[in-house]
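The structure appears right after this line, and notes come after that.
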Amino acid sequence: MADEVKDVVAGDGYAVANIETLGDQYGFKKIRRELGVTAFGINAIVLPPGHATGRHYHDEQEETYFVHRGTVEFEFGDGDKHVLGPGGVARVDPATVRKIRNASQEEDAVYVIAGGKDGYVGRDGQLPEGETSRFGPTGDAG
């Protein structure tokens, strides 16, 4: 089995990393810049216990938020609040005002934001020549 990746490793047509090593302990973890993503924006944010972002909205960019670790409260412009734990996701229209808060007083919250505009490109996955399934053999760890 290969060693677990920590720092950015770039190969021929790919890049891998661990968000823990991208940027400072708190704040933005620049996934897009560090991995060379060009088709959409993607970053992670680490919020210390009890901290919140400022309220904001976007002119054009729809965003999807994925809670990786901790508990996050989303407050929207209409006053509604929703709490999401690990695995929780939220989609937010560009013009919708939002504020994100770490709902825990004990642990950091880590969430990933992907943003873009102009639509979904569709399911365009293809199998390499000679392969018949997108799923590998089961039970083979390496």
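Does S104 count as closer than 30 Å to G54 by Cβ and out of contact with any Lys or Arg (no Cβ under 6 Å at 6 or more places or on another chain)? So S104 fits the description; yes. Listed conditions (1) part of a loop (DSSP other than H, G, I, E, B); (2) under 25 Å from N18 (Cβ atoms); (3) out of contact with any His (no Cβ under 7 Å at 6 or more places or on another chain) are all met by P86, apart from (3).
Scanning region 17-41 for residues that are farther than 20 Å from T71 by Cα and touching a residue at least 12 places away in the same chain (Cβ under 8 Å) turns up A17, N18, T21, L22, K30, I31, E34, L35, G36, A39, F40, G41.
Take the conditions free of Cβ contacts under 8 Å to residues at least 40 places away in the same chain, among the β-branched types (V, I, T) and on the phi < 0 side of the Ramachandran plot and apply them to V89. Does it pass? Yes, satisfied.
Residue by residue, here is whether (1) under 30 Å from V8 (Cβ atoms); (2) aliphatic (A, V, I, L, M); (3) surrounded by 11 or more Cβ atoms within 10 Å (Cβ to Cβ) holds:
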residue	(1), (2), (3)
G41	yes, no, yes
I45	yes, yes, yes
A52	yes, yes, yes
E63	yes, no, yes
V97	no, yes, yes
G119	yes, no, no
R134	yes, no, no
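The residue pairs whose first member lies in region 57-73 and is under 19 Å from D93 (Cβ atoms), whose second member is of a type in the set (V, I, T) and not in a strand (DSSP E or B), and whose beta carbons are closer than 9 Å, counting only pairs six or more residues apart or on different chains, are Y57/T96; Y57/V97; H58/T96. Kindly indicate the residue of region 98-137 that is modelled with pLDDT under 95 and touching a Leu at 6+ places or on another chain (Cβ under 8 Å) and also nearest to Y57 (Cα to Cα) among those meeting that condition. Top of the filtered list is R134.
The values are calculated or read from the model by the stated rules, or taken from the named source; none is laboratory data. Please read all numbers here as calculations on a predicted model, not as lab measurements. All Cβ positions, even for glycine, are placed from backbone atoms using ideal geometry, and neighbour counts span all protein chains on display.
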